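The next block holds one structure in the form of structure tokens; read it before the comments.
Derivation of every value follows stated rules applied to the coordinates shown; laboratory data play no part. Just so it is clear, the model here is predicted, and its values are computed rather than measured. Virtual Cβ from ideal backbone geometry, glycine too; neighbours counted across all protein chains shown.
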Amino acid sequence: MLCMSDSLLNRYHLLQADIARTAAVAGRKPGDIALVAVSKTQPLEVVQAAIELGIRCFGENRVQEAQAKFQDLREKMPDLSLHLIGPLQSNKAKAAVALFDVIETLDRVELARSLAKAMQTSGRRPRLFVQVNTGAEPQKAGVLPDDLPALLAECRVLGLTVGGLMCIPPLADDPALHFAKLAALAKAHQLKELSMGMSGDFQAAIAAGATYIRVGSMLFGPRVTRAAT
Ligand SMILES: *Cc1c(COP(=O)(O)O)cnc(C)c1O
């Protein structure tokens, strides 16, 4: 246990120093870049060790896994902030609205309708970011850049406030191109928040204006993946 939190502490310090250095080079304040600690697949003990180090903002990609880990925790810790960073099915909108503080993966009108309804009935209003499929990859979630204006317009009709944009660049591309594209889209639509950058590319994201970076493996170490069958 001591060993685990020791190396977590080391990685956290390295990450904070890297964020500060990258922000300085980009002429930005480190405080304007929020860290979303991506705890998907990590056990509750790891989340608890991170909380002990002062980390309060976590990202999860599946509603059920997040419920299992965070439902009790967040009653004890009102200052936790939980981001949904994975695709959301409309039939889980109600559960997502009940649990998350930020839903980063709004990407279609049908989901916007389900979220609006869930917010109306629950009275909870998580912040919403729209995920943009900047690389127009067929298998990837996110609205296509060309369809973003229509989705944002529909959100306004539904009374939903969109606070920012999120993207996951294609693996094969230079991420900086996609971060610049997302930043330009956010600017064009006067959206303040930019969620972009992961363990491998957060420096480029900070340089391009990220206000949230989503870091998993650099902080928690490699994720345990299910063995191939
Ligand atoms: C897993 C994941 C991350 C974190 O990835 P790392 O490379 O481990 O930092 C960030 N964003 C999303 C959407 C993810 O699914």
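Before moving on, here are some points about what is shown:
- Charge dipole of the chain about the Cα centre (unit charges at C-beta), most positive-ward option of A210, L165, P222: L165
- The range 1-117: C-alpha gyration tensor shape, a/c 1.5 cut-off, then a/b vs b/c: oblate
- Each principal axis of the Cα cloud of the range 41-171 was taken in turn, and the coordinate range along them, longest first, works out to 43, 39, 23 Å.
- Amide H to amide H distances under 5 Å link R127 with V102, I103, where only residues 5 or more positions off or on other chains count and H is placed in the peptide plane.
- For the range 150-211, the set of trypsin sites (Lys or Arg not before Pro) satisfying both a DSSP loop assignment and a count of at most 14 other C-beta atoms within 10 Å is given as K192.
- Long-range amide H partners of N133 with built H, under 5 Å: V143, L144
- Over 24 Å apart at the Cα level, from the set K29/K187; K92/K140; K69/K92; K40/K192, are K40/K192.
- Quarter of the Cα convex hull surface for the chain, i.e. its orientation-mean projected area (nm²): 13.2
- A simple rule links phi to the HN-Hα coupling: the Karplus curve 6.51 cos²θ - 1.76 cosθ + 1.60 with θ = phi - 60°, which for the range 199-207 gives 3, x, 9, 5, 5, 4, 5, 5, 4 Hz, with x for Gly and Pro.
- Reciprocal mean inverse distance between Cα atoms of the range 148-229 - Kirkwood radius, Å: 14.2
- The calculated 222 nm mean residue ellipticity attributable to helices in the chain amounts to -13500 deg cm²/dmol, summing -39500 (n - 2.57) over DSSP H runs of n ≥ 4 and dividing by all residues.
- Near G164, the amide H atoms lying under 5 Å from its own belong to V130, E193; only residues 5 or more places off or on other chains count, and H is placed 1.01 Å from N.
- Kirkwood hydrodynamic radius over Cα pairs of the range 50-115, then Stokes diffusion coefficient at 10 °C and 1.306 mPa s, in µm²/s: 130
- Among the trypsin sites (Lys or Arg not before Pro) in the range 82-149, those located in a DSSP loop and surrounded by at most 16 other Cβ atoms within 10 Å of their own Cβ are R124, K140.
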